[in-house]
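**Q** Can you keep this structure in mind? I'll have questions shortly.
Coordinate-derived values only; no laboratory data. This structure is a prediction, so every number in the text was calculated from the model and none was measured. Using ideal geometry, Cβ is built from the backbone for each residue, glycine included, and neighbour counts are taken over all protein chains shown.
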Amino acid sequence: MTASCYSLVVDETGIATVGFDLPGKVNIMDDTFMQVMPRLIDRLEGMREHLRGVILTSRKSTFFAGGDLALMRRAERGQEQFLFTHFQRLKSFLRRLEKLDRPLVAAINGTALGGGYELCLACHRRIALANPKTRIGLPEVNFGILPAAGGVIRLTAILGLLPALDFLVTGRAVDVAAAYVSGLIDEAVETEAMLMERAKAWILENAGTRQVWDRPRELGAHRLSAENRGAIFQVAPWLRKSFRQPSQAAVRIADIAAQSIFLDFDIASRIETRGFVELVLTQEANKRISAFFETNTRPQRLD
């Protein structure tokens, strides 16, 4: 089963292309994904010395639809430790990928929402095919939860506090053009051939690249910029101005995003996971997730 869930091809330059094709119409981060990822990463780590870089893409018409809402719907009090362990394990896969010590590019050939976009955030470069149907974003707040795979802390580190919150606490998804302008992606291209060409070219030009949160000398200046420090004091007024009554999820997201500016990545990640577990067990989250399934005769997660 595992082998058929993705393709792995290494070209003559040493660039590996992984094409996800998980069971179902769309790729989601379900039990199959949790089984596939450690084996895939083991393979990539085993061939690392011979790799120049890795491209993550999809063999479906969408990139990734998101996380496992069915699992979240079943969450009950008393499962706190299980949920924390499960999502920390999910995060560990993305962490291993971004720490392969090789350039990692998301070649986004279709919609990337929720966990799917969080996978893109774990890449060093995000390049998207300019399909008018493609949507990119983190809609978790609309389900009464927060991104559970590093989305809060990574997006805050990349965009800055208030620009990140503009997506995180509204849950809005945007098209490729808007994603490029806002910084959700780094490039937009017109054809699938160009998508792969640009991904490979960037890898060859950026050997040794690392995420900003893994570059200690730059991290402090990047996250504790005057703009970010000033934004800390604007978060509460901004929430009150933007929402008549901010949801519990919106408030928790804003709190975690603000904390992440001052913390080591992995510490912030654990705080993010705890926040997710708290939210997914609330009546509000259960109500919203259940409503999603009830109003979709053929439910798809976070799409």
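**Q** Are there any GluC sites (Glu not before Pro) in segment 158-218 that are in a DSSP loop and have at most 11 other Cβ atoms within 10 Å? List them by number.
**A** Glu190
**Q** Show me, for segment 47-55, the HN-Hα J-couplings you get by feeding each phi into the Karplus relation (A = 6.51, B = -1.76, C = 1.60, θ = phi - 60°), rounded to Hz, glycine and proline as x.
**A** 9, 3, 4, 9, 9, 8, x, 9, 10
**Q** Using +1 on the beta carbon of Lys and Arg, -1 on that of Asp and Glu, and nothing else charged, what's the dipole of segment 1-117 about the Cα centre, debye to 20?
**A** Using Cβ point charges on Lys, Arg, Asp and Glu, segment 1-117 gives about 200 debye.
**Q** If you don't mind, another one. In deg cm²/dmol, rounded to 500, what helix-only [θ] at 222 nm does the chain give when every DSSP H run of at least 4 residues adds -39500 (n - 2.57) and the total is split over its residues?
**A** It comes out at -15000 deg cm²/dmol, rounded to the nearest 500.
**Q** Between Leu146, Leu22, Leu71, where does the largest GNM mean-square fluctuation fall for the chain, given springs only between Cα atoms within less than 10 Å?
**A** Leu71
**Q** Charges at C-beta only: +1 for Lys and Arg, -1 for Asp and Glu. How large is the resulting dipole of the chain about its Cα centre, in Debye rounded to 20?
**A** 520 debye
**Q** I need Phe33, Phe84 ordered by Cβ neighbour count within 10 Å, fewest first.
**A** Starting with the residue having the fewest Cβ neighbours, the order is Phe84, Phe33.
**Q** Sort Thr273, Thr170 so the one with the fewest other Cβ atoms within 10 Å of its own Cβ comes first.
**A** With the fewest neighbours first, Thr273, Thr170 line up as Thr170, Thr273.
**Q** Neighbouring Cβ atoms within 10 Å as the yardstick, rank Tyr117, Tyr6, Tyr180 fewest first.
**A** Tyr180, Tyr6, Tyr117
**Q** If you take the beta carbon distance between Phe293 and Leu263 as r and set R0 to 35 Å, what does 1/(1 + (r/R0)^6) give as a FRET efficiency, to the nearest 0.05?
**A** That pair, Phe293 with Leu263, gives E of 0.50.
**Q** Given H placed on each backbone N at 1.01 Å, which residues far from Arg135 in sequence or on other chains put an amide H within less than 5 Å of it?
**A** Thr111, Ala112
**Q** Kindly provide the Kirkwood hydrodynamic radius of the chain in Å, to one decimal, from all pairs of distinct alpha carbon atoms.
**A** Result for the chain, one decimal place: 19.4 Å.
**Q** Still on this structure, I have one more. Select from segment 1-104 those trypsin sites (Lys or Arg not before Pro) which occupy a DSSP coil region and have at most 15 other Cβ atoms within 10 Å, ordered by residue number.
**A** Lys25, Arg59, Arg77, Lys99
**Q** Note the full-extension length gain between Ser7 and Phe84 as 0.36 nm times their separation in residues minus their Cα-Cα distance, in nm to one decimal.
**A** 24.7 nm
**Q** Let me ask another. Among Ala70, Ala112, Ala164, which one moves the most in a GNM of the chain with springs linking Cα atoms closer than 10 Å?
**A** Highest fluctuation among the options: Ala70.
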